[in-house]
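What follows is a short report on a single structure.
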Amino acid sequence: MKLPEVKIRAMEPEDLDALYRIENDTTLWDIGPTNVSYSRYVLRDYIAHSSADIYTDKQVRQIIENAVGETVGVIDLCNFEPRHLRAEVGIIIQNDCRGKGYAAAAMHWLIDYSRRILHLHQLYAVVDSDNTRCLQLFSQLGFAHNAVLKDWLMQYDCYRDAVLLQLML
């Protein structure tokens, strides 16, 4: 499958509505550490004060746009460890944009950026063991399944396993 064209760019104040929708989508709360809504005020402040410098913020969040400039998702490097030159990958594609190759295209950009610009040694991701589409994407990108983290994610009233994936750059 030919990957679609994507543009990866820094967050702008105009991204507030899209970020608000993504961050407050309760269907995504089971796959990450968030379990509360974010106000527009908090998100506006986050956008305004983010330095876009991974050494300062220990993370970089970028907007993913399609070929016509529509926001299709966000991609993150977070939990950056400068001593060990590694960072965790996070990616969210909006529901109506999934299955169109945007995640793969954005991840190719992120891997190249991490290798050539940031000179990272490794990227890693922690993925719900039942998230087969995400696990397949990371495998296709060369990430190795290196561990199963038992009872790592709490979903409603039960714990779920997660898979630790790593890519050496």
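Values quoted throughout were computed directly from the atomic coordinates according to the rules given, and no laboratory measurement underlies them. Not measured: the values here are computed from a predicted model. Note: ideal-geometry Cβ built from the backbone for every residue, glycine included; neighbour counts use all protein chains shown.
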**OP:** Any aspartates and glutamates with Cα under 17 Å of the Lys7 Cα? List them, leaving off those in the same chain fewer than 8 positions away.
**Re:** Asp15, Glu65, Glu70, Asp76, Asp112
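Ranked highest first by average number of other Cβ atoms within 10 Å, how do 7-14, 64-71 line up? Don't jump to the answer; show the numbers that get you there.
Values: 7-14: 12.8, 64-71: 14.4.
Per-residue Cβ counts within 10 Å, averaged per peptide and sorted highest first, yield 64-71, 7-14.
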Original post:
Excluding same-chain residues fewer than 8 positions from Lys2, which lysines have a Cα within less than 25 Å of its Cα?
Top reply: Lys100
Original post:
Given a Förster radius of 25 Å and the C-beta distance between Gln122 and Val148 as r, what FRET efficiency does 1/(1 + (r/R0)^6) yield to the nearest 0.05?
Top reply: 0.85
Original post:
Between Asn95 and Ser139, how many nm apart are label points set 7 Å from Cα along the C-beta direction?
Top reply: 2.7 nm
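Tell me the mean residue ellipticity at 222 nm calculated for the chain from its helices only (DSSP H runs of n ≥ 4, each -39500 (n - 2.57), averaged over every residue, nearest 500). Please report the intermediate quantities before stating the final value.
On the way: 5 runs with 46 residues, N = 169.
It lands at -7500 deg cm²/dmol.
Could you tell me whether the stretch 56-169 comes out rounded, prolate or oblate from its Cα gyration tensor? Rule is a ≥ b ≥ c as square roots of the eigenvalues, rounded for a/c under 1.5, then prolate if a/b exceeds b/c, otherwise oblate. Mind dumping the intermediate values first?
On the way: a/c = 1.64, a/b = 1.10, b/c = 1.49.
Judged from the Cα gyration tensor, the stretch 56-169 comes out oblate (a/c at least 1.5, b/c at or above a/b).
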Subject >> Amide N of the stretch 55-83 lying under 14 Å from the label point, which is placed 7 angstrom from the Cα of Glu5 along Cα→Cβ >> reply: 65-70
**OP:** List the residues whose amide H sits under 5 Å from the amide H of Leu149, counting only those 5 or more places along or on another chain, with H placed 1.01 Å from N in the peptide plane.
**Re:** Ala162, Val163, Leu164
